[in-house]
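Q: Right, I'll just put the structure down here and ask away after.
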Amino acid sequence: MNKSKNNLGIIYIIISAFCFAVMNLFIRLSGDVPSMQKCFFRNFFALIIAVIGLVRAKTPFRIGKGNTKYLVARSLSGGLGMMCNFYAVDHLPISDASILNKLAPFFAIIFSIWIVKEVANRYEWLAIICVFIGALFVVKPSFSMEAVPAFAGVLGGLGAGIAYAFVRKLGSRGENSMIVVAFFSAFTTLMLTPNLIINFTPMTGEQWMFLVFTGIAAAGGQIFITKAYLVAPAKEISVYDYSIVIFAAILGFIFLDQIPDWLSVIGYVIIIGTAVIKWRFGMKKIETKM
């Protein structure tokens, strides 16, 4: 039974990764719309889908006692991380932006020390060091403005990692996962509304279409990753989330003529390889306990 659930979780998380890769493609295809405006419509359309999901499931929008502050912290950190990620997607190959965003699980290990009171072991700290070495190959740090999008991508992963730590905190407190998704979408939509009103840039019909698709793909990614972690433990399936890099590289090549340079590819190998080794080590520990 557990094996079948794990297999279902793997399928869900791969579908989620594909949805988020498609989201990144649509962000880029929407053209010269400001990144903040793209963020607004990504969350606005995702909010509509999340609310429809809650209504159809007849789930009351009721926040658990004492959880509001954690929902706000998750939404604020996740929202800021998302803005940085959108900026990175607009200015980097989408495979580079995707891998930098996937630094999030390793940032989550660091911030879980304070947020969830989970202390990382020496192998997890070694994994973090390896991942950041891999990130340096993708970022290729320099003192020129060309490095800004890459650093924004790292900050996007940082924000997402803090958000993941708060999601784990909320999960330990029994908060409904769909409430977390809906609250995040509503919070970030409201957070971005003043900027939209002040700095709205008119869009073509094609840009509207791509932003609608961005929201749909984002909602699909959130829903399937939520389903994945509901049916299977994160330790056993999270590594499959890195399939987003493969999807993003293929989509970037087909639709945007993007080919990652050799330094980025080395970075991908280090980051994904570290994630796979960490996953295998975690699985062996589980098997040993059994």
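The values are calculated or read from the model by the stated rules, or taken from the named source; none is laboratory data. Keep in mind that this is a model prediction, so the values were computed, not measured. Positions of Cβ are generated from backbone atoms using ideal geometry, with glycine treated the same way; all protein chains shown enter the neighbour counts. Heavy atoms of the whole protein, side chains included, go into the accessibility calculation; ligands, DNA and RNA do not. Shrake-Rupley method; radii C 1.70, N 1.55, O 1.52, S 1.80 Å.
Q: Take the alpha-carbon centre of the stretch 46-75, take the same for the stretch 165-221, and report the distance between them in whole Å.
A: A separation of 12 Å, based on Cα centres.
Q: What order do you get for 124-135, 9-20 when each peptide is scored by the mean count of other beta carbon atoms within 10 Å, highest first?
A: Most protected by this proxy first, the peptides run 9-20, 124-135.
Q: For the chain, calculate the relative contact order in percent as a whole number, restricting contacts to Cα pairs under 8 Å that are 6 or more residues apart.
A: After rounding, I find 41 percent.
Q: Give me the percent of the accessible area of the chain that comes from carbon and sulfur atoms, probe 1.4 Å, all protein chains in place. Write down the numbers at each step before the final one.
A: On the way: 10180 of 14420 Å².
Of all accessible area on the chain, carbon and sulfur atoms account for 71 percent.
Q: Enter the accessible area per residue of the stretch 1-79 (Å², integer; probe 1.4 Å; all protein chains in place).
A: So the stretch 1-79 comes to 51 Å² accessible per residue, rounded to a whole number.
Q: Only residues of the stretch 143-186 count here: report those whose backbone N is under 18 Å from the spot 7 Å along Cα→Cβ of Trp114, or say none.
A: Residues 155-170 qualify, since their backbone N sits under 18 Å from the label point.
Q: Under 10 Å, Cα contacts only: if you run a Gaussian network model on the chain, which one of Val138, Val180, Val276 comes out with the highest mean-square fluctuation?
A: Comparing Val138, Val180, Val276 in the GNM, the peak value goes to Val276.
Q: Please identify the helices of the chain, taking whole runs of DSSP H, that span at least 24 Å along their own axis as judged from the Cα atoms and have a mean Kyte-Doolittle score of 0.5 or higher.
A: 2-29, 35-56, 122-139, 148-172, 177-199, 205-231, 262-289
Q: Still on this structure, I have one more. Starting from the Cα-Cα distance between Glu146 and Glu206, subtract it from 0.36 nm times their residue separation and give me the gain in nm to one decimal.
A: 18.7 nm
Q: Okay, moving on. Any idea what diffusion coefficient the chain gets from Stokes-Einstein, in µm²/s, Kirkwood Rh on alpha carbon pairs, 4 °C, 1.567 mPa s? Please list the in-between numbers first.
A: Values: Rh = 19.3 Å.
Translational diffusion coefficient: 67 µm²/s.
Q: What length, rounded to one decimal in nm, is gained on full extension from Asn6 through to Asn195, with 0.36 nm per residue of separation minus their alpha-carbon distance?
A: Additional length available on full extension: 63.8 nm.
Q: Here is the link list: Lys5/Lys38; Lys117/Lys227; Lys5/Lys278; Lys117/Lys140; Lys69/Lys140. Which ones come out longer than 30 Å on Cα distance?
A: On the way: Lys5/Lys38 36 Å; Lys117/Lys227 25 Å; Lys5/Lys278 21 Å; Lys117/Lys140 33 Å; Lys69/Lys140 37 Å.
Correct reply: Lys5/Lys38; Lys117/Lys140; Lys69/Lys140.
Q: Run lengths n ≥ 4 of DSSP H only: what is the helix-derived mean residue ellipticity at 222 nm for the chain, with -39500 (n - 2.57) per run over all residues, to the nearest 500?
A: Rounded to the nearest 500, it is -27500 deg cm²/dmol.
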